[in-house]
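> There's a structure below that I have some questions on.
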Amino acid sequence: MSSTIDHLEDVALGDTLLEARGVTKYFTSDSGMLAGLFGAQDVEAVDDVSFELLKGETFALVGESGCGKSTLARTILQLIEPTSGSIRFKGLELTETSNRQLRPVRRDMQIILQDPQASLNPRMKVGQIIEEPMKAHSLYGRADRRERAKELLDLVELDRSYYNRYPHEFSGGQRQRINLARAMSTDPDLIVCDEPVSALDVSVQAQILNTMRELQAEFGFTYLIISHDLSVVRYIADRVAVMYLGHIVELASKEALFEHTKHPYTSALLEAIPIPDPRSRDTRQPLEGDVPSPIDPPSGCRFRTRCPELIQPAGWALTEQEWDAVRSFVRGVKRRSFTLDETPGSDTSHTPSAVETAVDDAYFPEGRPSRVDDIVREACALIADDEWDEAKAVIESRIVEESICAQERPRYTVSTREDVPEANHFVGCHLYRDGAKDVSPARDGGTHRGRGGNALE
Ligand code: SF4
């Protein structure tokens, strides 16, 4: 009888090592802590995500905490069972492979966790820690395991004599090197690194990342890096996928993503990177609002509740300036951020016309566009009665939900460079719908392919 390993194909450098299609992970009331927090509803942690990992590349998943990137990585590794979707690793469909059959596959997929302290057993010596995965997969005899552990210490630039020491004797950077040696011990094709350097000092981060790159160049494994830190990603990644509320919103080569940023959310993330020059005047605008709940995510584009670029409804034909004013009004109502004149000695209620005057002064000094006249009037009447939530609902249903941004999930590829057709850039934003290729699943399965191809620096 053939083993599972026999079903794994050899993959050449640059070819597809892992292909994820339509991967979805919902947590429900009987599946863990999140469900415990949110009750019996589905928490849409990862929703219909597709991408490929190529042999020998560094692929980064970035996004704010809670965007689903760690859940996605654990789902890829089959540490969490996906709700639906396909994950093919070296040609083997993992979602149809039993846990017992997955055991030998796990040898090829290792993970390095964020906290180098917590992920090392304090009661085990460094040598035992590095040998543990080899032992678990019955690799090598005892003496060979010992020798391999020492060779791995060499490779991660630690002294062989550390073999008999305990983790607490080492710095954070050294401990992460031990983790790297352990992950490499089974000679894997894929190493998932969950925030691999975020717990370390900046000076140590660069040293660890350099070692990771050198080892990758020597052994050809693929890194899937999960990070919220775009500086780290810029340093180490070949390709980058940006996640927001369970969706990939942009995927491209590192150069394309950083030099030709397309998605408004990616732009906001880049804007948020601190400027190291103390002389520079920081005029950047922080992203407004909170990430919506993954229990009830927004329809269409999940970023639409915070997006400064929301597209005007079809057929409205407002000028750019008029639509800007309407968007500001929408944001103002949502945030309750405009002020109404208070008459001394009176109560705080206002007449609808007083609210309209305040709104026009704040948002429509050039005149209210006739297209939104009755909507503004209706919202102002509700605000005058202090019914802000109802006013928000009017704005939402009569303006925001009329936009394509609220109606369809955006999935397009655009060519970043016409001379390099394969350098496609996936962007989940309707601003790119004209002239772009729609890659919604109904048409081609929704896989975001594009090699990017830049070598490590
Ligand atoms: S689809 Fe609309 S809401 Fe979403 S990012 Fe693009 S412009 Fe913004």
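The values are calculated or read from the model by the stated rules, or taken from the named source; none is laboratory data. What you are looking at is a predicted structure, and each value in this text was computed from that prediction instead of being measured. With ideal geometry, Cβ positions are generated from the backbone for all residues, glycine too; neighbour counts draw on all protein chains shown.
> Might you let me know whether the stretch 115-126 holds any residue that is among the aliphatic types (A, V, I, L, M) and closer than 19 Å to ALA20 by Cα? It would help to see each step written out before you state the result.
To start, the set of residues in the stretch 115-126 that are among the aliphatic types (A, V, I, L, M) comprises 118, 120, 124, 126.
Restricting the remaining residues to those that are closer than 19 Å to ALA20 by Cα gives none.
Checked the stretch 115-126: no residue is among the aliphatic types (A, V, I, L, M) and closer than 19 Å to ALA20 by Cα.
> Also, quick follow-up: So which of ILE80, ILE111 is without any contact (Cβ under 8 Å) to a residue 60 or more places away in the chain and not in a helix (DSSP H, G or I)? It would help to see each step written out before you state the result.
Working: ILE111 fails: without any contact (Cβ under 8 Å) to a residue 60 or more places away in the chain.
Unique residue meeting the criteria: ILE80.
> Go through the stretch 355-389 and count every residue that is under 38 Å from the mean Cα position of the chain (by Cα) and without any contact (Cβ under 8 Å) to a residue 12 or more places away in the chain.
2
> When you check ARG148 against the structure, is it charged (D, E, K, R), assigned to a helix (DSSP H, G or I) and within 29 Å of GLU64 (Cα to Cα), yes or no? Write out each step before concluding.
Values: charged (D, E, K, R): yes; assigned to a helix (DSSP H, G or I): yes; within 29 Å of GLU64 (Cα to Cα): no.
In short, no.
> Out of all the residues in the stretch 169-178, is one or more aromatic (Phe, Trp, Tyr) and surrounded by fewer than 19 Cβ atoms within 10 Å (Cβ to Cβ)?
The first filter runs over the stretch 169-178 and keeps only residues aromatic (Phe, Trp, Tyr), leaving 170.
Then drop every residue that is not surrounded by fewer than 19 Cβ atoms within 10 Å (Cβ to Cβ), which leaves none.
Within the stretch 169-178 (the criterion being aromatic (Phe, Trp, Tyr) and surrounded by fewer than 19 Cβ atoms within 10 Å (Cβ to Cβ)), the answer is no, since none of the residues qualifies.
> If you go through the stretch 235-259, how many residues are within 16 Å of the ligand (Cβ to nearest atom) and either at pLDDT below 95 or not hydroxyl-bearing (Ser, Thr, Tyr) (or both)? Break it down stepwise before answering.
From the stretch 235-259, those within 16 Å of the ligand (Cβ to nearest atom) are 241-252, 257; that's our starting set.
Next cut, either at pLDDT below 95 or not hydroxyl-bearing (Ser, Thr, Tyr) (or both) only: 241-243, 245-252, 257.
Residues meeting the conditions: 12.
> Now, a different point. Please work out if ILE130 is β-branched (Val, Ile, Thr) and either within 25 Å of the chain's Cα centre (by Cα) or closer than 30 Å to GLY22 by Cβ (or both). Write out each step before concluding.
On the way: β-branched (Val, Ile, Thr): yes; either within 25 Å of the chain's Cα centre (by Cα) or closer than 30 Å to GLY22 by Cβ (or both): no.
Spelling it out, it is not the case that ILE130 is β-branched (Val, Ile, Thr) and either within 25 Å of the chain's Cα centre (by Cα) or closer than 30 Å to GLY22 by Cβ (or both).
> Write out, first by first residue and then by second, each pair whose Cβ atoms fall under 9 Å of each other, whose residues are 6+ apart or on separate chains, and whose first residue, in the stretch 305-329, is at positive phi and free of Cβ contacts under 8 Å to residues at least 24 places away in the same chain while the second is within 15 Å of the ligand (Cβ to nearest atom) and of a type in the set (Lys, Arg).
Note: no pairs meet the criteria.
> So which of GLN312, GLN285 ends up being modelled with pLDDT of 95 or more, among the polar types (S, T, N, Q) and out of contact with any strand residue (DSSP E or B) (no Cβ under 8 Å at 6 or more places or on another chain)?
Numbers: GLN285 fails: modelled with pLDDT of 95 or more.
Only one candidate qualifies: GLN312.
> In the stretch 324-354, what residues are β-branched (Val, Ile, Thr) and either assigned to a loop (DSSP other than H, G, I, E, B) or modelled with pLDDT under 65 (or both)?
Answer for the stretch 324-354, where residues must be β-branched (Val, Ile, Thr) and either assigned to a loop (DSSP other than H, G, I, E, B) or modelled with pLDDT under 65 (or both): THR339, THR343, THR348, THR351.
> Something else now. Only one of (1) out of contact with any Phe, Trp or Tyr (no Cβ under 8 Å at 6 or more places or on another chain); (2) at pLDDT below 95; (3) within 25 Å of VAL43 (Cβ to Cβ) fails for GLY63. Which number is that?
Among (1) out of contact with any Phe, Trp or Tyr (no Cβ under 8 Å at 6 or more places or on another chain); (2) at pLDDT below 95; (3) within 25 Å of VAL43 (Cβ to Cβ), GLY63 violates only (1).
> Before we move on, is VAL291 within 16 Å of the ligand (Cβ to nearest atom) and either modelled with pLDDT of 75 or more or loosely packed, with under 15 Cβ neighbours inside 10 Å (or both)?
Judged against the criteria, VAL291 is a match.
> Right, another one. Only one of VAL197, VAL156 is among the β-branched types (Val, Ile, Thr) and assigned by TED's automatic domain parsing to the domain that holds ILE226; which? Give the steps one after another, and end with the answer.
Numbers: VAL156 fails: assigned by TED's automatic domain parsing to the domain that holds ILE226.
It is VAL197.
> Within the stretch 309-323, how many residues are within 12 Å of the ligand (Cβ to nearest atom), part of a loop (DSSP other than H, G, I, E, B) and either buried (at least 19 other Cβ atoms within 10 Å of the Cβ) or not acidic (Asp, Glu) (or both)? Don't jump to the end; show me each part of the working.
Keep residues of the stretch 309-323 that are within 12 Å of the ligand (Cβ to nearest atom), which gives 309-313, 323.
Remaining after also requiring part of a loop (DSSP other than H, G, I, E, B): 309-313.
Still in the running and either buried (at least 19 other Cβ atoms within 10 Å of the Cβ) or not acidic (Asp, Glu) (or both): 310-313.
Counting residues in the stretch 309-323 that are within 12 Å of the ligand (Cβ to nearest atom), part of a loop (DSSP other than H, G, I, E, B) and either buried (at least 19 other Cβ atoms within 10 Å of the Cβ) or not acidic (Asp, Glu) (or both) gives 4.
> Quick one: which helices (runs of 4 or more DSSP H) lie wholly within the stretch 356-414 and hold at least 1 residues that are modelled with pLDDT of 95 or more and within 13 Å of the ligand (Cβ to nearest atom)? Steps first, please.
Numbers: elements: 373-384, 388-398, 404-407.
Fully inside the stretch 356-414 and qualifying: 404-407.
> Collect the residues in the stretch 57-80 that are on the phi > 0 side of the Ramachandran plot and either under 14 Å from the mean Cα position of the chain (by Cα) or aliphatic (A, V, I, L, M) (or both), keeping them in residue-number order. Outline the logic, then answer.
So in the stretch 57-80, the residues on the phi > 0 side of the Ramachandran plot come out as 63, 66, 68, 78.
Scanning the stretch 57-80 gives GLY63, GLY66, GLY68.
> For SER29, which of the numbered conditions (1) modelled with pLDDT of 95 or more; (2) in contact with a helix residue (DSSP H, G or I) (Cβ under 6 Å, 6 or more places away or on another chain); (3) not acidic (Asp, Glu) fails to hold?
Unmet for SER29, out of (1) modelled with pLDDT of 95 or more; (2) in contact with a helix residue (DSSP H, G or I) (Cβ under 6 Å, 6 or more places away or on another chain); (3) not acidic (Asp, Glu): (1).
> Of all residues being buried (at least 18 other Cβ atoms within 10 Å of the Cβ) and at pLDDT below 95 in the stretch 77-89, which is farthest from LEU190 (Cα to Cα)? Just the residue, please.
The qualifying residue farthest from LEU190 (Cα to Cα) is ILE80.
Here is a yes/no grid of residues against (1) surrounded by fewer than 24 Cβ atoms within 10 Å (Cβ to Cβ); (2) touching a residue at least 40 places away in the same chain (Cβ under 8 Å):
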residue	(1), (2)
ARG234	yes, no
VAL240	no, yes
GLY246	no, yes
VAL249	no, yes
THR261	yes, no
TYR265	no, yes
LEU269	yes, yes
